[in-house]
1. Quick test for you: out of B:ARG186, B:ARG199, B:ARG181, B:ARG192, pick the one residue that is of a type outside the set (A, V, I, L, M) and not in a helix (DSSP H, G or I).
2. Look through the stretch B:123-141, keep the residues that are within 16 Å of ligand 2 (Cβ to nearest atom) and of a type outside the set (A, V, I, L, M, F, W, C), and return whichever of them is surrounded by the most Cβ atoms within 10 Å (Cβ to Cβ).
3. Does B:GLY106 satisfy the criteria of being surrounded by fewer than 17 Cβ atoms within 10 Å (Cβ to Cβ) and not in a helix (DSSP H, G or I)?
4. Sort through B:GLU158, B:GLU154 and tell me the only one that's out of contact with any Gly (no Cβ under 9 Å at 6 or more places or on another chain) and within 7 Å of another protein chain (Cβ to nearest Cβ).
5. Taking into account only those residues within the stretch A:274-303 that are within 14 Å of chain B (Cβ to nearest Cβ) and without any contact (Cβ under 8 Å) to a residue 12 or more places away in the chain, which is farthest from ligand 2 (Cβ to nearest atom)?
6. For B:GLU154, all conditions in the list (1) more than 16 Å from ligand 1 (Cβ to nearest atom); (2) at pLDDT 95 or above; (3) of a type in the set (Asp, Glu) hold save one; what is the number of the exception?
7. So B:ALA82 clears everything in (1) within 14 Å of another protein chain (Cβ to nearest Cβ); (2) in contact (Cβ under 8 Å) with a residue 60 or more places away in the chain; (3) small (Gly, Ala, Ser) except one condition, right? Which one?
8. Out of B:ASP386, B:ASP329, B:ASP364, report the one residue that is among the charged types (D, E, K, R), within 14 Å of another protein chain (Cβ to nearest Cβ), within 16 Å of ligand 2 (Cβ to nearest atom) and touching a helix residue (DSSP H, G or I) at 6+ places or on another chain (Cβ under 8 Å).
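The values are calculated or read from the model by the stated rules, or taken from the named source; none is laboratory data. Only a predicted model underlies this, so the values are computations on that prediction, with no experimental measurement involved. Note that we place each Cβ from the backbone using ideal geometry, even for glycine, and neighbour counts take in every protein chain shown.
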Amino acid sequence: MKQIDECRAVLADPYGYAESLKAQTGGKIVGFFCSYAPEEIIVAAGGHPFRILGTGEKIRRAETHLQSYCCSLVRGALEDALAGRLAFLDGVLFPHTCDSIQRLSDIWRLNIDRGFHLDLVLPVRLDSPGARRYLLDVLNRFRAELGERLGTAITDDDLRAAIALYNRIRAALTQISRLSGDRPGLLKGSDLHQLTGASMIMDRGALAPLLEEVASELEKAQKGPGETERKRIILAGGICNHPSIYGFIERAGATVVGDDLCTGSRSFTGLIDENAEPVAAIAQRLLERVACPAKHRGLTDRADHLVRMAREQRAQGLIFFLLKFCDPHAFDVPYLKAALGEAGIPSMVIEAEDRLPADGQLGTRVEAFIEMI
Amino acid sequence: MAEPDEAKEKRKIKAVAKMKEIMTAYYIEAKTAEQAGKKVAWITSGGPVEPLIAMDVIPVYPENHGAMIGASKMGIDLCEKAEAMGYSSDLCSYARADIACAPVNGGPIGGLPRPDMLICCNNICGTVLKWYEVQARHFGVPLFILDTPFCHGEYTAEVARYVRGQIDEYIAFLEKVCQKRFDHDRIGEVGRLSVEGQRLWQAVLDTAMNRPAPLSAFDAFFHLALIVTLRGTQQTVDYYRMLLAEMQERVAQGIGAVPKETYRLLWDNLPVWYRTKWLSEKFAAHDACLVADTYTSAWCGALRYVDENDFLRTMAECHTRIYLNIGIDQMAAQVMEMVDKYAVNGIVMHSNRSCKPYSLGQYDIQRMIQEKKGIPTVMIEADMVDARSFSESQIDTRIDAFIEVLKERR
Ligand code: SF4
Ligand code: SF4
């Protein structure tokens with residue numbers, strides 16, 4: 001599909017893409033971390049939201065700022081910033097996520113003097129009476145601060161238009177991922193990965209129609225022959241920027257029928273109410289969407305979600321894909337594995353840094369797991 | 001040259017015995033709470049303990065438990081047990097050790113008493129949130145989370161309102177779990193005792209401004225226990241009054257923590273619990289005294305925001321603006337204040353792989369201090385409880401080299 005090729009090209013060189021976008025449109029590029037960043041507000045301000053994931057280059061400069069026991073996302077992003085590879089950014093937004101991102105923000109603010117720097121300290125406990133009010137307060141503050149940095153006053157109409165655009169994007173991604181789960185073989189897992197990956201980088205105005213075309217083409221396409229034989233796997237965890245993981249799973253005779261990844265479904269689940277006050281509506285989605293392990297919403301929220309998803313997708317197994325040194329995710333593994341086990345869903349854990357562990361070994365582990373289930 | 005026994009005896013801090021007595025009695029009380037009809041709450045070290053005291057709930061500190069596990073050298077075993085339960089070896093070793101203890105009542109005191117509730121304040125890290133979730137599922141007891149937004153810069157009005165609102169929610173939570181009314185007069189009294197305890201603790205630490213310093217950070221690590229666990233009680237106030245008097249007496253007599261104090265150093269980060277003796281002897285052998293540290297002073301650092309006559313309101317700010325919940329530039333500024341105040345010649349930083357909020361950013365803090373204060377610093381790679389991350393030969397060499405630098409600068 002040509003749309004997928006387009007996304008693949010964007011993801012092959014996201015920095016190059018952002019640079020040329022900036023050159024062509026003169027737009028302001030606002031980097032961000034974390035799927036809790038209110039991208040809609042950035043778009044409403046006329047900015048271009050760009051998710052920073054690092055490029056996996058060797059860590060040299062960041063070595064003098066961050067110890068080796070820090071996750072590769074944080075180290076890699078700082079490395080790119082210090083090396084000047086992110087010079088195209090007009091500013092960066094740091095939503096508070098974990099202890100590592102919190103310190104990355106400090107280090108960045110003190111060492112990178114290019115572009116503006118905004119922190120967005122979101123509530124951690126999402127199910128408290130005060131959290132909604134506080135979230136609304138910080139989003140409104142962000143709206144004002146960002147507008148100031150970008151030299152514009154963000155109106156409610158701007159916000160509504162951005163919300164409508166994001167609803168189109170998220171609805172299309174939801175539909176695509178549902179179709180690919182329902183009809184395995186229709187869309188390769190790695191292709192879905194290209195689409196979601198590009199959705200955090202590409203010009204959102206161009207992205208929405210692209211995704212809608214993909215969705216309607218898939219809707220029309222026929223189910224591939226024999227694909228029902230494949231075992232059905234859910235992929236869960238944090239950041240995944242290793243499309244090759246899908247290859248391992250597919251070569252082992254299985255297919256990814258759903259995900260709970262920060263760079264996957266967690267970034268696009270949930271639509272925003274277009275009729276409500278816009279900032280309140282954005283807050284509402286953030287409070288209700290599938291939570292990340294660095295946030296709290298009940299004691300079994302994530303287990304319930306994974307078990308539900310596995311059942312709905314008729315998955316036979318689940319693979320956790322975790323970044324080494326990522327505390328929030330690592331803490332959840334034992335209880336999630338236990339809850340899945342009780343529901344009859346076996347699981348395995350893959351831990352990686354910016355590079356995947358040696359090919360042979362990973363392939364063998366995935367194969368053994370898929371054979372077993 | 002070995003110190004004569006008499007001088008060594010004189011150098012020992014007498015209050016140690018009292019402290020051991022109080023802590024033993026405290027753990028016995030906590031472990032027999034059920035028989036006495038009292039409730040037990042597990043609480044994080046930066047958590048709001050005063051309302052618990054006002055409600056007659058016994059606070060228990062898993063982090064203090066972690067420190068005991070480390071000091072009794074049971075860390076490796078328990079950390080390995082947690083790893084066998086599926087917890088990554090990269091997680092905080094306090095959390096790992098405590099999680100491994102819970103199901104088997106392991107550790108130096110046969111496990112902590114079963115909690116009736118869990119109180120988690122995330123002002124120190126995100127780890128405690130995950131750790132307390134694990135324990136809340138394990139014990140099946142209610143969990144209260146006090147969410148204190150990180151302050152990269154200013155303490156904003158929305159943060160103040162958010163945290164203050166949660167204090168009311170906390171009180172309602174306690175009333176529900178304890179099934180009795182919260183006594184607002186009592187909290188006033190507990191608040192005053194808490195502030196008095198913190199002031200006394202600060203005064204104890206401040207005696208180290210003297211030359212020689214009557215106590216070192218290694219002593220402070222030990223005497224800290226009460227201000228963490230029993231803040232807000234008369235007993236704590238009495239104890240620190242006694243300790244302060246002893247320190248003042250030592251100052252009057254010129255008794256130092258280190259026999260020939262030549263270098264005055266500052267320690268950053270948590271102690272290396274299983275090696276405090278080795279480290280303290282190592283520095284003493286070089287005539288170096290750790291006269292201040294960023295860790296034990298964290299329990300009185302919030303004094304600047306407190307109003308003891310309006311305790312509940314100012315509690316929100318005190319808990320939100322503690323040392324670990326602020327930006328590294330603010331942390332560096334506080335360290336530099338301490339460098340001046342205690343006339344420090346050099347800094348020893350423990351890069352602690354367990355504690356990301358404390359350790360990530362240390363390199364930048366180190367550079368800021370070197371630039372602004374021009375004093376040497378050394379970085380020690382270790383872990384507070386998991387001794388597998390401690391390389392004696394490497395640390396030994398580093399400290400020797402550091403002292404050489406200090407020597408040259410004299
Ligand atoms: S991968 Fe984990 S540790 Fe790294 S920034 Fe994300 S949440 Fe934090
Ligand atoms: S040592 Fe650090 S990570 Fe562990 S509980 Fe304490 S503050 Fe949190």
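1. Details: B:ARG186 fails: not in a helix (DSSP H, G or I); B:ARG199 fails: not in a helix (DSSP H, G or I); B:ARG192 fails: not in a helix (DSSP H, G or I).
Only one candidate qualifies: B:ARG181.
2. That would be B:ASN123.
3. Details: surrounded by fewer than 17 Cβ atoms within 10 Å (Cβ to Cβ): no; not in a helix (DSSP H, G or I): yes.
Spelling it out, it is not the case that B:GLY106 is surrounded by fewer than 17 Cβ atoms within 10 Å (Cβ to Cβ) and not in a helix (DSSP H, G or I).
4. Details: B:GLU154 fails: within 7 Å of another protein chain (Cβ to nearest Cβ).
On inspection, the qualifying residue turns out to be B:GLU158.
5. So the first thing to find is which residues in the stretch A:274-303 are within 14 Å of chain B (Cβ to nearest Cβ), and the list is A:279, A:283, A:287, A:291-303.
If we keep only those that are without any contact (Cβ under 8 Å) to a residue 12 or more places away in the chain too, we end up with A:299, A:301.
Details: A:LEU299: 19, A:ASP301: 22 Å.
By that ranking, first place goes to A:ASP301.
6. (2)
7. (2)
8. Details: B:ASP329 fails: within 16 Å of ligand 2 (Cβ to nearest atom); B:ASP364 fails: within 16 Å of ligand 2 (Cβ to nearest atom).
Checking each option against the conditions leaves just B:ASP386.
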